[in-house]
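Just below is one structure, and these are the notes that go with it.
Read-outs: derived from the displayed coordinates by stated rules, not from any lab. Worth saying up front: this structure is predicted, and the values here are computed from it rather than measured. Backbone-built Cβ (ideal geometry, glycine too); neighbour counts: all protein chains shown.
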Amino acid sequence: MGDEIPIRTLRDYSKPSHEDYRNTIELPVWNNVVPLRSDTIRLVQNGCSFNGIRSEDPNQHLKDFLKLVDSLDLDGFITTWEDLTTRFLVKFFPPGRTTKLRNDIRMFQQHHEESLSEAWTRFKDLLQKVPHHGIDRWLQIQIFYDHVSFHLKYEIDRAAGGKLRNKSADEYWEIIENLALYDHEG
């Protein structure tokens, strides 16, 4: 009854979600409030601006902003991170941008003479540009596998001990991660 998962519309899958944004730096509980003078605040405001131009990455800005805000005592100023990130992303990450980046993932192609490590890194970078892409892990693996050279498919299959269909998505992800790491180091 109360535990039911709400049905998502197609529009919901195009909307960015605040859940994908968390600060990875854990501040110590005993001293995470930093007093700031007004001139420091002005300095931060001037250096931490986002203009919404195409060359700016709203995801990276949000990560940087969260690091900064996590160190401040803003009691009473901001009610929830969910509201802040949702409003920010709705303004600067419109559905058209989501669609374009999701299509970039779906249309991924290994470049000529690109190594496994390079192709895998580039593919994962595409996934990170739009954390709310909504593409399941199994389909991510399938997209990558379908769009690399015959030679790389052979390497992946050999490392997996068989064809793509014989492993779970998480197992295949780990296999490709390890191959890419070995390829990069080798």
Residues residue 51 and residue 113, FRET efficiency given R0 of 35 Å [Cβ-Cβ distance, rounded to 0.05]: 0.40
Whole-angstrom gap from the range 123-153 to the range 157-185, using each part's C-alpha centre: 13
HN-Hα J in Hz across the range 103-108 - Karplus 6.51, -1.76, 1.60, θ = phi - 60°, x for Gly and Pro: 5, 4, 5, 5, 9, 3
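Where does each of 90, 130 land when they are ranked from fewest to most other beta-carbon atoms within 10 angstrom?
By the 10 Å Cβ count, ascending, the order reads 90, 130.
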151, 133 arranged by Cβ crowding within 10 Å, fewest neighbours leading: 151, 133
Sorted by Cβ neighbour density within 10 Å, fewest at the top, the residues 123, 92: 92, 123
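For the cross-link pairs 67/100; 100/153; 15/163; 67/167; 91/124; 67/124, which exceed 31 Å when the distance is taken from alpha carbon to alpha carbon?
15/163; 67/167
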Length released on extending from residue 159 to residue 138, taking residue separation times 0.36 nm less the Cα-Cα span: 5.8 nm
Residue-span extension gain [residue 125 to residue 182] - 0.36 nm each, minus C-alpha spacing: 18.6 nm
Segment residue 17-residue 145, extension gain: residue separation times 0.36 nm, minus the distance between their alpha carbons: 43.3 nm
